[in-house]
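Here's the structure, in C-alpha cells; my notes come after.
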C-alpha cells in the first residue's frame, strides 16, 4: 500500500475543518446522503529534506471555482478537535496555497476557512515513509449550514436563556463538530455555522438536561429546522 493515501469523503461529511475534521477521486456532487470514505492511491509528496514535506493544494468549491483566503492545514485527524500541526499560506485568487510540515506520524492535509463560510469535503492522508508530492492536491469546499430548534424540558416549559452544547457525530467517524448557542426566552436556538453532513446529535443544556437525536441530514448553505425537542 502506498505511504500516501488519498481519502475521498463524499459531500455532506462533516469535515471540517480543524480548530474546533477530512476531508476525493473527484469532487462529490450535492447528493441526498454521503458515502463513506474510500482510500485510493495518491501521488507521492516531494521532500525538501529528510521527513520535511511541502504540499501544494488548490481549493475550489463544488462548482470548481477557486477559493481565495483558505488556509492549508496539517492535523493528526480530519475532525474538529486537533489543533493544526502546521498551517500554510492562505490561498491566492487561483485557490492555490502550500504548507510545509514534519512527517513523523500519519497526518491529514486539508483546507480551513477562517470565516467558517466553507468546510472541506475531502482530505489527504499522508503516512510515515511517504517520499514526495509532485501534484497539487485538490481540496473541495462546501458551504456551511445552520441548525435551529425549539427546546423544552419534560414539563413542557421552554428552556429559556440556557447555554446549550451540541455535538455532531459522524455515523462512521464518531464525534466530529462541537458548537454552542444560547436559547431565547421561548426556547428557540440557532446553531452555526456547522459543516453540512449527516450526523447524530447530542444536546446538553447547562442545567443538565440532554437529548440524543438520530442521524439528521444537514444541507449545505441551508438552515435545517429540527422543530420542537424535549430534553430530559
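When you go through 111, 155 one by one, which is the residue that is more than 27 Å from residue 67 (Cβ to Cβ) and modelled with pLDDT of 95 or more?
Going through 111, 155 in turn, the sole match is 155.
Given the conditions (1) part of a strand (DSSP E or B); (2) farther than 14 Å from residue 179 by Cα; (3) modelled with pLDDT of 95 or more, report the number of the one that residue 232 does not fulfil.
Going through the list (1) part of a strand (DSSP E or B); (2) farther than 14 Å from residue 179 by Cα; (3) modelled with pLDDT of 95 or more, residue 232 breaks only (1).
Outside the structural domain of residue 118 (by TED's automatic domain parsing) and farther than 30 Å from residue 57 by Cβ: is that true of residue 168 in this structure?
no
State all residues of the range 189-228 that are more than 25 Å from the chain's Cα centre (by Cα), in a strand (DSSP E or B) and surrounded by 17 or more Cβ atoms within 10 Å (Cβ to Cβ); if no residue qualifies, say none.
Scanning the range 189-228 gives no hits.
For residue 1, which of the numbered conditions (1) modelled with pLDDT under 50; (2) closer than 26 Å to residue 168 by Cβ; (3) surrounded by fewer than 17 Cβ atoms within 10 Å (Cβ to Cβ) fails to hold?
Only one criterion in (1) modelled with pLDDT under 50; (2) closer than 26 Å to residue 168 by Cβ; (3) surrounded by fewer than 17 Cβ atoms within 10 Å (Cβ to Cβ) is unmet by residue 1, namely (2).
The values are calculated or read from the model by the stated rules, or taken from the named source; none is laboratory data. Since the structure is predicted, the reported quantities are computational estimates derived from the model, not experimental observations. Using ideal geometry, Cβ is built from the backbone for each residue, glycine included, and neighbour counts are taken over all protein chains shown.
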